[in-house]
There are 2 protein chains.
Amino acid sequence: MSGAERRVVVVGADGAGMSAAHQALRTAARHGERLAVTVLDRGHHTSYSACGIPYWMSGDVPTQQDLVARTAAEHREAGIDLRLGVEVVGADLAARTVTTADGDELGYDELVVATGAPAVVPDWAVRPDGTAYDGVGVVKTLDDGAAWVERFAAAGAGAHVVVVGAGYVGVEVAEAALARGFGVTVLTRTRGMSMLEEELSDRVNAALVDAGVELVLGAEVTGLEVDGDRVSGVRWEGGRGDADLVVVAIGVRPATDFLAGNGLELSEGGALRPDPHGRVADHVWAAGDCCEVRRRIDDQWVFRPLGTHAAKMGRALGDSLAGGGLTFDGMVDTSITRFSAGDVHVEIARTGLSRADAAAAGHDAVALVTEGTTATGYMPEAEPIAIWVMADRVTRRLLGVQVVGGHGAGKRIDTSAAVLWAGGSVDDLAWMDLAYAPPFATTWEVLQIAARRVAERL
Amino acid sequence: MSGAERRVVVVGADGAGMSAAHQALRTAARHGERLAVTVLDRGHHTSYSACGIPYWMSGDVPTQQDLVARTAAEHREAGIDLRLGVEVVGADLAARTVTTADGDELGYDELVVATGAPAVVPDWAVRPDGTAYDGVGVVKTLDDGAAWVERFAAAGAGAHVVVVGAGYVGVEVAEAALARGFGVTVLTRTRGMSMLEEELSDRVNAALVDAGVELVLGAEVTGLEVDGDRVSGVRWEGGRGDADLVVVAIGVRPATDFLAGNGLELSEGGALRPDPHGRVADHVWAAGDCCEVRRRIDDQWVFRPLGTHAAKMGRALGDSLAGGGLTFDGMVDTSITRFSAGDVHVEIARTGLSRADAAAAGHDAVALVTEGTTATGYMPEAEPIAIWVMADRVTRRLLGVQVVGGHGAGKRIDTSAAVLWAGGSVDDLAWMDLAYAPPFATTWEVLQIAARRVAERL
């Protein structure tokens, strides 16, 4: 097909986009097709680990370069026409063109949307001209990370960091700020860690407080206090606090504005909903944080901008675009993080439905928290773990599992995710053959005790 | 039914037997039945963790009492007639009686065989009168453990321990002896850790050697050298070594001799094969290490004397005996241990079939080892991990997974066990929704990379 190479234009050079680009080239090569793959990104970095930025801020990760999985040069060597600093501002799906901020028009045969989801910046965080006050920022891009590493280095001993948001990023940034020796306040509109049921989010809150964090629940931020160009405090309904630095970690939003006017169906939040091959329309594909993902358990589309989904979606898309058969068959809403500071270490993980999800799906659900240990009680490795398990009373199907506990607690969630993936029952989880030896588990693995207790109540 | 209480006689007061006894009482109470439960054991201990003995030997577990999950007094308080020091030497299943070493006869309505599996003691380990030489012993009962703790305490600095056998117990005892500062030789007839494929057992062998163990593969022990009553050396075909202490860890054998002459079907190795409720014949039940267990993947009976199977079997048996419906639906051949000494730490786990098992079952199997890290490469938590994955070329079904790696590697086996339990494919493992955050995994979880690589070769 030389002379008639299909032109693939990928918008967005992060995980999903680059994964799609490479996989498309590999699959095409296998099929004897040559593709002309162009990747455009408005930023100047590619294939970096956004999830690693809090650990760069904390000092766990020494340099920015450590977070870059593959450099621009490496992508180009693989035959990708990578163009950084090029912002795509419009698309004409009928004409099969995209338009850049410089007014250039680029034709394509296949368009891959992998624009990700920039951090939400609330009005109160910026000056009237839209720029952030000194000392205020989000945690999303490598440039954000570099700015935070610089701000942390410049801040004197005794500096106080206010983190707005107690989701995964908020908790990870609190860990980073404590590791740097700063005072830390975490503000959240909600009860904190609201992706967990209250019985477990309470335990995370307690861990934050144990580690010296000032945690303010139900705090709706109303504005900043500034001293010249610099932030000096944060105000919220019913309170205020001093702040040398303010980290805004209240979420992200899909970058799909450039597709407006093309009649593409978007979710209420602006996300695309690709089919398992990554297709959203004829010759238009999408993967990564600009998309919602299908939750297999209740067949709902949800917005879960996670690197692991992005990588899988990108791979399935790239393969499918080039004639392969790989599919991304949804997820079961698994996620994990930790909060670790001094003697305090909690691993936090969830998979499946929440109580609210289950109610919305019409399940008669039974849920219970069980406490146990990560290793046999007599071993020095044993740490406390609390496990929330939910199952359907009628079908006995496992619906959701959440975990908060010490070292070794978090990755236990994968076992439950595997049961959910297969549509298994709470009895499957309770009786299956999980590994036991004293340094690793109790004779009845704690996950299985938790499942058994729920099974007995159905 | 007072006045006509069913008489349940349980032979063996360890995990399986006591679990059966308690569950039978609970289920019977729920059904309004009263049972008269008598438990006989030739030993003087009950409900202890045999798996914990190596960690008592090492010093990780401070006292014998720590290993006892429930005391005799606690069992008796729950209404169990527990008789220790009573050895059952015969049974008449037609007459429904058992005979003790003292010549007493005990009638039963339901007999539960939970006699476990004593350690195999080879001829070369004992004097002509059958008693062990000083400094020589097995690692199975609490009394064995107490003897080893005493021997370790009495042995001077520079003492040398020879461990015969490089299975789980052998490796765990080697760890214990190193922790006590002894020189350690491990002898094995096989290639070492033969429950692993060679690509992975080699890594365990390397770890043993790194930690200073003298490892002799293919060593068939021919006899001991003795100095008076004490052992002073071990001879094997083609070699010998000095020994102050010799740990014999070459396996265990079901204790079912007392059932001889009753026409019960036993495996070649002397094990019982109970149905999922624990029944082996009318009014005869069995659970724990005296039984084989059914491996679901290939529907084979195999001898896997593990505490976790014993606990599950005991519970299903007790419930079924008392009219409940719980079943033990087999296993997928999961097991785990570790070897940890100084800077050397390897976690060792397996689930599913071996190459030999797969060949015997007629699978056209594809297997591959993949190396990766337990956390994202830039994190201080990242440790190396090697994963062996095997799948069927035709059906794509996952057949087996084995793991050797650093902290956090071992319990990853549970995810694969869950896939095997559900009869899932290697693609399920590769694409399912496992937890990712930098301290816990790579963006593509290493298990999934390993599965994907196999999937691509089918």
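Residues in region A:250-261 that are at pLDDT 95 or above and in a loop (DSSP other than H, G, I, E, B): A:I250, A:G251, A:R253, A:P254, A:A255, A:T256.
Scanning region A:117-146 for residues that are more than 21 Å from the chain's Cα centre (by Cα) and not β-branched (V, I, T) gives A:D123, A:W124, A:A125, A:R127, A:P128, A:D129, A:G130, A:A132, A:Y133, A:D134, A:G135.
Just one of the numbered conditions (1) surrounded by 23 or more Cβ atoms within 10 Å (Cβ to Cβ); (2) of a type outside the set (S, T, Y); (3) under 21 Å from A:G170 (Cα atoms) is not true of A:C51: (1). If you take the residues in region A:202-232 that are assigned to a helix (DSSP H, G or I) and touching a strand residue (DSSP E or B) at 6+ places or on another chain (Cβ under 8 Å), which one is nearest to A:I348 (Cα to Cα)? Within region A:202-232, the match that is nearest to A:I348 (Cα to Cα) is A:V204. A count restricted to region A:171-190 and to residues that are of a type outside the set (A, V, I, L, M, F, W, C) and either touching a strand residue (DSSP E or B) at 6+ places or on another chain (Cβ under 7 Å) or within 12 Å of A:V248 (Cα to Cα) (or both) stands at 5. With respect to the conditions (1) surrounded by 14 or more Cβ atoms within 10 Å (Cβ to Cβ); (2) in contact with an Asp or Glu (Cβ under 7 Å, 6 or more places away or on another chain), B:Q64 falls short on a single one, namely (2). If you go through region B:253-269 one residue at a time, how many are crowded, with 17+ Cβ neighbours inside 10 Å, under 17 Å from the mean Cα position of the chain (by Cα) and not basic (K, R)? Residues flagged as crowded, with 17+ Cβ neighbours inside 10 Å, under 17 Å from the mean Cα position of the chain (by Cα) and not basic (K, R) within region B:253-269 amount to 2. The set of residues in region A:445-457 that are within 11 Å of another protein chain (Cβ to nearest Cβ), over 10 Å from A:G372 (Cα atoms) and surrounded by fewer than 22 Cβ atoms within 10 Å (Cβ to Cβ) comprises A:R452, A:E456. If the condition is being more than 14 Å from chain B (Cβ to nearest Cβ) and of a type in the set (D, E, K, R), then region A:17-53 contributes A:E33, A:R34, A:D41, A:R42.
Considering region A:355-397, and only residues there that are free of Cβ contacts under 8 Å to residues at least 12 places away in the same chain and in contact with a strand residue (DSSP E or B) (Cβ under 9 Å, 6 or more places away or on another chain), the residue that is surrounded by the most Cβ atoms within 10 Å (Cβ to Cβ) turns out to be A:A382. Residues of region B:178-201 that are over 21 Å from B:R350 (Cα atoms) and in a strand (DSSP E or B): B:G183, B:V184, B:T185, B:V186, B:L187.
For region B:284-316, the set of residues classified as farther than 16 Å from A:R452 by Cα, more than 10 Å from chain A (Cβ to nearest Cβ) and aliphatic (A, V, I, L, M) consists of B:V284, B:A286, B:A287, B:I297, B:V302, listed by residue number. Counting only residues that are in contact with a helix residue (DSSP H, G or I) (Cβ under 9 Å, 6 or more places away or on another chain) and not β-branched (V, I, T), region B:215-243 holds 5 of them.
Beta carbons closer than 9 Å, at least 6 apart along the sequence or on distinct chains, pair a first residue in region B:65-81 that is more than 14 Å from chain A (Cβ to nearest Cβ) with a second that is part of a helix (DSSP H, G or I) and surrounded by fewer than 18 Cβ atoms within 10 Å (Cβ to Cβ) for B:T71/B:Q65. Restricting B:A409, B:A418, B:A441 to those that are surrounded by 24 or more Cβ atoms within 10 Å (Cβ to Cβ), in contact with a Pro (Cβ under 9 Å, 6 or more places away or on another chain) and within 13 Å of chain A (Cβ to nearest Cβ) reduces the list to B:A409. Applying the condition of being buried (at least 24 other Cβ atoms within 10 Å of the Cβ) and over 20 Å from B:A361 (Cβ atoms) to region B:281-299 and asking which residue is farthest from the chain's Cα centre (by Cα) yields B:W285. Taking strands (runs of 3 or more DSSP E) as the structural unit, those lying wholly within region A:8-125 and holding at least 1 residues that are in contact with a strand residue (DSSP E or B) (Cβ under 9 Å, 6 or more places away or on another chain), among the basic types (K, R) and not assigned by TED's automatic domain parsing to the domain that holds A:T222 correspond to A:81-84.
Against the conditions (1) under 30 Å from A:F328 (Cβ atoms); (2) surrounded by fewer than 19 Cβ atoms within 10 Å (Cβ to Cβ), A:D229 satisfies every one except (1).
Taking first residues from region A:320-343 that are farther than 30 Å from A:D282 by Cα and within 7 Å of chain B (Cβ to nearest Cβ) and partners that are in a loop (DSSP other than H, G, I, E, B) and of a type in the set (D, E, K, R), the Cβ contacts under 8 Å between residues at least 6 apart in sequence or on separate chains come to A:T334/B:D433; A:S335/A:R304.
Only one of the listed residues (A:A359, A:A349) is more than 10 Å from every other protein chain (Cβ to nearest Cβ) and modelled with pLDDT of 95 or more. That residue is A:A359. The conditions are (1) at pLDDT below 95; (2) buried (at least 18 other Cβ atoms within 10 Å of the Cβ); (3) of a type in the set (A, V, I, L, M, F, W, C), and A:M1 fails exactly one of them. Which is it? Of (1) at pLDDT below 95; (2) buried (at least 18 other Cβ atoms within 10 Å of the Cβ); (3) of a type in the set (A, V, I, L, M, F, W, C), only one is false for A:M1: (2).
The values are calculated or read from the model by the stated rules, or taken from the named source; none is laboratory data. A quick note: this is a predicted structure, and the numbers were derived from the prediction, not measured. Quick reminder, even Gly has a Cβ in these numbers, built from the backbone with ideal geometry, and neighbours come from all protein chains shown.
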